[in-house]
1. Taking only the range 1-22 into account, find how many residues are surrounded by fewer than 15 Cβ atoms within 10 Å (Cβ to Cβ) and closer than 20 Å to E69 by Cβ.
2. Kindly provide the set of residues from the range 135-159 that are surrounded by 21 or more Cβ atoms within 10 Å (Cβ to Cβ) and touching a residue at least 60 places away in the same chain (Cβ under 8 Å), ordered by number.
3. Anything in the range 23-53 that is within 23 Å of the chain's Cα centre (by Cα), surrounded by 13 or more Cβ atoms within 10 Å (Cβ to Cβ) and hydrophobic (A, V, I, L, M, F, W, C)? List them, or say none.
4. List the helices (runs of 4 or more DSSP H) that sit entirely inside the range 33-141 and contain at least 3 residues that are of a type outside the set (S, T, Y) and assigned by TED's automatic domain parsing to the domain that holds P171.
5. Taking E61 as meeting all but one of (1) over 27 Å from G181 (Cβ atoms); (2) within 13 Å of the chain's Cα centre (by Cα); (3) surrounded by fewer than 17 Cβ atoms within 10 Å (Cβ to Cβ), write down the number of the exception.
6. Would you mention how many residues in the range 1-32 are among the small types (G, A, S), closer than 26 Å to A159 by Cβ and assigned to a helix (DSSP H, G or I)?
7. Regarding A119, is this residue over 19 Å from A88 (Cα atoms) and in contact (Cβ under 8 Å) with a residue 40 or more places away in the chain?
8. Can you tell me which of (1) closer than 30 Å to S53 by Cβ; (2) at pLDDT below 90; (3) touching a helix residue (DSSP H, G or I) at 6+ places or on another chain (Cβ under 7 Å); (4) not β-branched (V, I, T) is the one S72 doesn't meet?
Amino acid sequence: MPRMSAAEKQKSHDRILDAAARLFRERGIEAASIADVMHAAGLTHGGFYKHFSSKQALVAEAFRHAAGELLSGAGAGADAGGAARAGAQARFIARYLSPDHVADTGQGCPVAALGADAARHGGAVQAEASRAVARMAAFLAPDEPDGEDRGLALMALLAGTVTLARLADTPELAARVIAAGRRAAGILGKEAGEDPVETAV
């Protein structure tokens with residue numbers, strides 16, 4: 001059998017990551033097995049260890065992958081400053097605090113979907129989740145002396161709002177939670193000299 005090229009191996013690796021990131025967010029870390037992930041990726045179970053040393057290694061990389069995709073969705077201005085960065089932050093917050101994000105667990109924020117799971121797992125998984133929180137908080141932070149703390153506060157608000165909205169047992173309650181989170185995010189933005197939610201809607 002001919003050996004797989006580096007490009008083919010990377011393509012398979014990416015398919016595994018995409019499938020794992022979705023299934024772990026949808027089902028939880030324990031409920032989604034390696035066999036489930038490989039089947040969803042359209043690959044055989046036996047090929048898993050050509051890509052990852054363990055399920056924990058897969059979960060950690062899938063968490064990083066999902067967080068990176070979420071941040072890349074902020075679009076133009078995310079790495080800039082001034083108005084361009086504020087606009088990217090506004091788009092991110094508006095999309096995060098939306099009914100679509102609440103409903104689409106498999107494609108949403110891994111912190112909101114898997115934060116408690118990652119903390120229980122510990123090790124590399126918890127470390128990767130912690131880095132994801134730090135990356136998102138740094139992106140959300142305004143450019144001011146206590147900006148890092150404000151970024152963390154916003155990240156806590158966003159993840160908490162989505163978690164509570166998903167816990168709601170009626171659409172009406174979920175909508176109220178989202179609306180409350182958006183108001184609170186606007187207050188944090190105004191205190192920092194911006195209004196990130198209202199800028200985007």
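The values are calculated or read from the model by the stated rules, or taken from the named source; none is laboratory data. Keep in mind it's a predicted model, so treat the numbers as computed, not measured. Using ideal geometry, Cβ is built from the backbone for each residue, glycine included, and neighbour counts are taken over all protein chains shown.
1. Let us first name the residues in the range 1-22 that are surrounded by fewer than 15 Cβ atoms within 10 Å (Cβ to Cβ), namely 1-11, 14.
Filter once more, keeping what is closer than 20 Å to E69 by Cβ: 10-11, 14.
Residues meeting the conditions: 3.
2. Across the range 135-159, the qualifying residues are M136, L154, L158.
3. Within the range 23-53, L23, F24, I29, A32, I34, V37, M38, A40, A41, F52 meet the criteria.
4. Details: elements: 34-40, 55-72, 82-96, 99-103, 110-121, 123-140.
Per the criteria, 55-72, 82-96, 99-103, 110-121, 123-140.
5. (3) is the only condition that E61 fails.
6. We begin by selecting, within the range 1-32, every residue among the small types (G, A, S); these are 5-7, 12, 19-21, 28, 31-32.
Filter again for closer than 26 Å to A159 by Cβ, leaving 19-21, 28, 31-32.
Right, trim to assigned to a helix (DSSP H, G or I) and you get 19-21.
Within the range 1-32, residues that are among the small types (G, A, S), closer than 26 Å to A159 by Cβ and assigned to a helix (DSSP H, G or I) number 3.
7. Details: over 19 Å from A88 (Cα atoms): yes; in contact (Cβ under 8 Å) with a residue 40 or more places away in the chain: no.
Judged against the criteria, A119 is not a match.
8. Unmet for S72, out of (1) closer than 30 Å to S53 by Cβ; (2) at pLDDT below 90; (3) touching a helix residue (DSSP H, G or I) at 6+ places or on another chain (Cβ under 7 Å); (4) not β-branched (V, I, T): (3).
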